[in-house]
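Novice: The structure that follows is given in the form of structure tokens.
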Amino acid sequence: MFTAGTLAVRITLLAAALAVSATLAACGTSPTGRPQIKFKSEDEMAAMGEQSFQQIRAQTPASRDQQATAIVNCVATAIIGQLPVKQRFGWEVVVFDSNQVNAFALPGRKIGVFEGIFRVARNQDQLATVIGHEVAHVIAQHANERVSTSTAAGFGAQAVSAGGGAGGAAAGAALGVGLQYGVLMPFNRKQETEADVLGLDLMAKAGFDPRQSLPLWENMERQTGEKPAEFVSTHPSGETRSLNLNNQLPIALEFYEEAKKSQLIPDCGF
Ligand SMILES: [Zn+2]
């Protein structure tokens, strides 16, 4: 027989059990072993990423530069090919007609590169640095972590500063849209460092020279006053970034040598 009392106890126990399972589901580790809090499922994040991507596409024309599009696709395909098999499929890559020095990747396996990236990426290895870094953010589920650990108010404040510093209307609008859905926002320093490290390994495995990451970030640093939206405000200083990259370089160079031995050197015509 149920009384109101036993029912209340049962409900309390159920609530406690649900809370415990929710907490367990939310804890995990990143690919470098860093503890992560992730409240959203991968499907939820993918849906948010796809929605943001559609909106960005609606607001920003795709590039008509066939050469730039071919180069970006070639580099992205080589990098995606080095992901674990389960993560290799369903990627969409779009080059946008915008002079903004910017690139992003979203949950749901979307990659966006602005034509302006060619103002800082001078060869295929430097472009691979950017794309490897962006893909790494997705693989490490940084957007999920960000959505799970920040408040909506915090996003709003960052959106204003990032949008103001970004300059180009397209990138500002794109960032705004992403922020609205909580998937395209400035990452924190730990996440940036992790994306650098994972991205370096990825590009090297794909047969791109990881040493080119250093001049790429230097070129990026020189774009003072119009830093790419993705790299605004939270990205590590040039010095910290160089130090992190130099630490990881011996490992990445081994991957690069292996790729060369397997004759896995992409020729993206750049
Ligand atoms: Zn980043």
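Novice: When you check A121 against the structure, is it touching a Leu at 6+ places or on another chain (Cβ under 7 Å) and either under 18 Å from G269 (Cβ atoms) or of a type in the set (V, I, T) (or both), yes or no?
Specialist: Yes, satisfied.
Novice: Taking the residues in the range 177-208 that are assigned to a loop (DSSP other than H, G, I, E, B) and modelled with pLDDT of 75 or more as candidates, determine which candidate is farthest from the ligand (Cβ to nearest atom).
Specialist: The selected residue is G207.
Novice: Here's another thing I want to ask about it. Which condition number in (1) under 22 Å from W217 (Cα atoms); (2) out of contact with any Lys or Arg (no Cβ under 6 Å at 6 or more places or on another chain) is the one that V101 fails?
Specialist: (2)
Novice: At pLDDT 95 or above, surrounded by fewer than 18 Cβ atoms within 10 Å (Cβ to Cβ) and either at negative phi or among the basic types (K, R) (or both): does that describe A70?
Specialist: yes
Novice: Do any residues in the range 37-49 that are closer than 13 Å to R146 by Cα have Cβ atoms under 7 Å from those of residues that are acidic (D, E), where the two are at least six apart or on different chains, and which pairs are they?
Specialist: Pairs found: I37/E145; K38/E145.
Novice: Name, by its number, the condition in (1) touching a Ser or Thr at 6+ places or on another chain (Cβ under 7 Å); (2) at pLDDT 95 or above that does not hold for R211.
Specialist: For R211, the failing item is (1).
The values are calculated or read from the model by the stated rules, or taken from the named source; none is laboratory data. These figures come from a predicted structure and were not determined experimentally. Note that each Cβ is placed from the backbone with ideal geometry, even for glycine, and that neighbours are counted across all protein chains shown.
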